[in-house]
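The values are calculated or read from the model by the stated rules, or taken from the named source; none is laboratory data. Here the structure is a predicted model, which means the values were calculated and not measured. For neighbour counting, all protein chains shown are included, and Cβ atoms are generated from backbone atoms with ideal geometry for every residue, glycine included. For the accessible areas, the whole protein counts, side chains as well, though only heavy atoms, and no ligand, DNA or RNA atoms are used. Shrake-Rupley method; radii C 1.70, N 1.55, O 1.52, S 1.80 Å.
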Amino acid sequence: IWVADLEMVAAGFRMVGEAAVADIEIPPGLRGVYASSQRGLYLELLRPFGAGWVSTMPQSTFAAKMRIDVVDFDSSLPGDSERQLTLGLNFRPTSESVVKLDYVRGRSRDRFNNPSDVARFLLSVATYF
């Protein structure tokens with residue numbers, strides 16, 4: 001597995017990402033059942049704003065987010081892949097907690113390259129201890 005990570009801050013934006021390629025040795029009897037090569041990447045751009053807008057939570061912040069995800073579960077096939085774009089708004093009442101509202105638009109393709117489109121809203125909460 002080969003992996004490259006990215007993390008940088010420039011002009012008030014925070015960019016994080018990762019790309020990975022996996023080459024797997026598959027026994028001859030299992031070729032065609034399991035993929036011998038997979039790859040994927042994500043790139044996320046965040047723009048923090050509104051620090052302290054919530055007066056009862058002076059350390060709170062908001063952030064606008066854009067994320068691109070691309071995964072190819074079997075790079076020897078034209079299908080078996082997923083791509084999606086996420087646009088979102090994050091609210092952090094503290095640096096260890098976040099409430100996220102995301103709009104996700106994507107397309108996946110099965111092993112026979114049949115497309116399937118998706119659009120959804122996600123509301124999630126996370127905290128780290």
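Structure summary
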item	result
Odd one out for Val118 among (1) closer than 21 Å to Met15 by Cα; (2) of a type in the set (A, V, I, L, M, F, W, C); (3) modelled with pLDDT of 95 or more	(1)
Residues that are open to solvent by 60 Å² or more (accessible area, probe 1.4 Å), farther than 20 Å from Val3 by Cβ and either in a strand (DSSP E or B) or in contact (Cβ under 8 Å) with a residue 24 or more places away in the chain (or both), drawn from the stretch 39-84	Arg47, Pro48, Phe49, Met57, Gln59, Met66, Ser76, Pro78
The stretch 90-126: number of residues that are of a type outside the set (Asp, Glu), part of a strand (DSSP E or B) and open to solvent by less than 80 Å² (accessible area, probe 1.4 Å)	20
Of all residues in the stretch 89-110 being closer than 12 Å to Thr61 by Cα and of a type in the set (A, V, I, L, M), the one that is nearest to the chain's Cα centre (by Cα)	Leu89
The stretch 5-20, subset open to solvent by 60 Å² or more (accessible area, probe 1.4 Å) and among the aliphatic types (A, V, I, L, M), residue modelled with the lowest pLDDT	Ala11
